[in-house]
Amino acid sequence: MRDQNRPAASAGRLGGPVTEIVNLPLDFEGFVLGHQALFHTYAELHLGSRPTAEAVVIEVFLEIHAAWDGLLQEDELERRTLAVLHRHITRRLTHEGRDPAYVINGQIQQWLLALRGELELSDSRLGLYAAISELPARQYTAIVLRYLSGYDTKQVARFMSLDERTVNYHCRKAKDHLARQLGVPTRATRQKGQQQ
């Protein structure tokens, strides 16, 4: 229960409709403060603008707040709340009829060009981006958080409610999947070719 003598300063930091919520539970306030940077980064990577990302994240936090007591009773709070974020982003992109911003974002495009020599990627944006979007949910989230958002394995593990080794496994499986989809030799196929 929230201390009635303490002002609802955290709620005000969220802005928009969240400021209308006066009695935020302390554990929810802590969750928001601990996750808003990740949620904003993840949303901006997909939506392409900070203001749009912030608006979507407010909607996400409002939905999470509405279901907060139930979410606390379940396992995998981090994964469940990331699923809410992903659903809101997907809905927004579908409504606007566009691809995620990382498909056309200059920084990501430069990163891909830098990797081209190593991975032998073609110019086709459809290959890599289509392959990323078709990854299974855990592989997709691990790849986006680890390589596109720049979080370290420990942080990704915490956000996904997984062990670090499991995050590494999902990243490795995702890379293998992407390599197969793009026709790029994987480390295993290169080693096998060298042994012959």
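The values are calculated or read from the model by the stated rules, or taken from the named source; none is laboratory data. The model shown is predicted, which means the values in this text are computed figures rather than measured ones. Don't worry about glycine lacking a Cβ; one is built from the backbone with ideal geometry, like all the others, and counts go over all protein chains shown.
At-a-glance table
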read-out	value
Evaluation of residue 114 against (1) modelled with pLDDT under 85; (2) on the phi > 0 side of the Ramachandran plot (one fails), failing number	(2)
Checking residue 101 against (1) modelled with pLDDT of 90 or more; (2) over 25 Å from residue 157 (Cβ atoms); (3) touching a His at 6+ places or on another chain (Cβ under 8 Å); (4) among the small types (Gly, Ala, Ser), the condition it does not meet	(1)
Only one of 130, 142 that is at pLDDT 85 or above, within 24 Å of residue 48 (Cβ to Cβ) and of a type in the set (A, V, I, L, M)	142
Extreme residue, nearest to residue 48 (Cα to Cα), among residues of the stretch 145-196 that are assigned to a loop (DSSP other than H, G, I, E, B) and at pLDDT below 85	149
Scan of the stretch 43-62 for residues that are charged (D, E, K, R) and crowded, with 17+ Cβ neighbours inside 10 Å, ordered by number	44, 54, 59
Residues located in the stretch 83-102, provided they are assigned to a helix (DSSP H, G or I) and of a type in the set (Lys, Arg)	87, 91, 92
Residue ranges of helices (runs of 4 or more DSSP H) in the stretch 20-82 with at least 1 members among the aliphatic types (A, V, I, L, M) and closer than 18 Å to residue 141 by Cα	26-47, 50-66
